[in-house]
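I have placed the structure first, in the form of structure tokens, so that the comments after it can refer back to it.
The values are calculated or read from the model by the stated rules, or taken from the named source; none is laboratory data. In this text the structure is predicted, and so the values were computed from the model without any measurement. All Cβ positions, even for glycine, are placed from backbone atoms using ideal geometry, and neighbour counts span all protein chains on display. These accessible areas exclude ligands, DNA and RNA; they are computed on the full protein's heavy atoms, side chains included. Shrake-Rupley method; radii C 1.70, N 1.55, O 1.52, S 1.80 Å.
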Amino acid sequence: MILTDCHLHSDLSTDGLSPMEEEITCAIKHGLKTLCFTEHNDYGARDDGSFVTDTRLYREKFLEMKEKYSDRIGLLFGIEAGLQPTDVHYSYFNELADKWDFDFIIGSSHVVKNKDPYYPAFFEDYEDDDSAYSAYFEEELQNASMYDCYDSYGHLDYILRYGASLNKYFTYEKFSSILDPLLKEIISHGKCIEVNSAGIRKGMGFANPHTDILTRYRELGGLPPTIGSDAHEAKDMAADFDEVEKILYDAGFSSYSIFRNRRREEISL
Ligand SMILES: [Zn+2]
Ligand SMILES: [Zn+2]
């Protein structure tokens, strides 16, 4: 059983709904052993500065909770960094990673060419979903080549949650000329990818990334993935992890990774 959730937002994140303490007590009730908070830091993504969690406040709250619950659950201090392939973002995230004592950094692509595929306007810039997906993966490839200051690439095919056709026409082969170099780049930098269970509860029928991407990652020699629910409220914590366990086995993995002090540890399934 997977008893660790390493992708979780509290109400310190702009779109988080539950207070950190409620999520912690809920995790204890569910019998989870380890919880890693990964509040958003989408530096430069929004004009109003939203989605950039105040790290100082976050750390204070986190340490208070870690102390209070230390005999009941292991708490880890992470962030979800919204990577973008610009020098400004690159310097910002490198400095952030150096400055704070994070356990774990997820690198994610939320904003591509100034737009987030979460909003339908993103797709107006492309002829069809396939060209939007290609542009998204291309930018992830740029990020994966540039950045070293993260540990696991989050929800690699996040965009498949939002296109009009969703994942209906997605096949690995169609995008293999971008996805193969992307996975190879991530693997050669010694990074993991994440299996994010939100895809299942968003009705995609699988986790992010698509099972074919995960299987290819394994074939290419990828490290055991990190696992996260991407919950923004207590009720979604560790959601569908029984399904995720099956997905991991099917892709050929018998363990998953967690990070403590930015060092990888492996836990058997
Ligand atoms: Zn995300
Ligand atoms: Zn997230």
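Structure above, values below:
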item	result
Solution diffusion estimate, µm²/s, Stokes-Einstein, the range 196-269, Kirkwood Rh from C-alpha pairs, 20 °C, viscosity 1.002 mPa s	168
Cα-based helix-to-principal-axis angle, 129-146 vs the chain, degrees rounded to 10	60
Solvent-accessible area per residue for the range 4-268 (1.4 angstrom probe, square angstrom)	42
Check: the range 4-268 dipole with +1 on Lys, Arg Cβ and -1 on Asp, Glu Cβ, in debye	700
Extended-chain gain in nm, criterion 0.36 nm per residue less alpha-carbon gap, Tyr169 and Lys235	20.7 nm
Whole-number D in µm²/s for the range 4-268 (Stokes-Einstein; Kirkwood sum over Cα pairs; 25 °C, 0.890 mPa s)	133
Of Ser108, Ser197, Ser131, the one that fluctuates the most in a GNM where the chain has Cα springs shorter than 10 Å	Ser131
Rounded percent of accessible protein surface that carbon and sulfur make up, the chain, 1.4 Å probe	47
Low-density loop cleavage sites - chymotrypsin sites (Phe, Trp or Tyr not before Pro) in the range 15-100, where at most 16 other Cβ are within 10 Å (DSSP)	Trp100
Virtual paramagnetic centre 7 Å along Cα→Cβ of Ser188, amide N under 19 Å, in the range 128-162	137-153
Around Leu156: net Lys/Arg minus Asp/Glu count, Cβ-Cβ under 9 Å	-3
Among Pro181, Pro224, Pro209: highest mean-square fluctuation, GNM of the chain, C-alpha pairs under 10 Å	Pro181
Leu220 paired with Ser91, simple spin-label distance in nm, labels 7 Å along Cα-to-beta-carbon	3.1
Those Cys residues of the chain for which no other cysteine Cβ falls under 4.7 Å	Cys26, Cys149, Cys192
Estimated D of the range 1-43 in µm² per second, where Rh is the Kirkwood radius over Cα pairs and Stokes-Einstein applies at 37 °C, 0.692 mPa s	303
Loop chymotrypsin sites (Phe, Trp or Tyr not before Pro), the range 160-252 (other Cβ atoms within 10 Å of the site Cβ: 14 or fewer; DSSP)	Tyr169
Kirkwood Rh, Cα atoms: Rg over Rh of the range 1-111	0.98
Most mobile listed residue (Gly205, Gly82, Gly222) in the chain, GNM with C-alpha springs under 10 Å	Gly205
Estimated distance in nm for a label pair at Glu22 and Asp98, the labels positioned 7 Å out from Cα along Cα-to-Cβ	3.9
Kirkwood Rh (inverse of mean 1/r, distinct Cα pairs), the range 147-209, angstrom	12.6
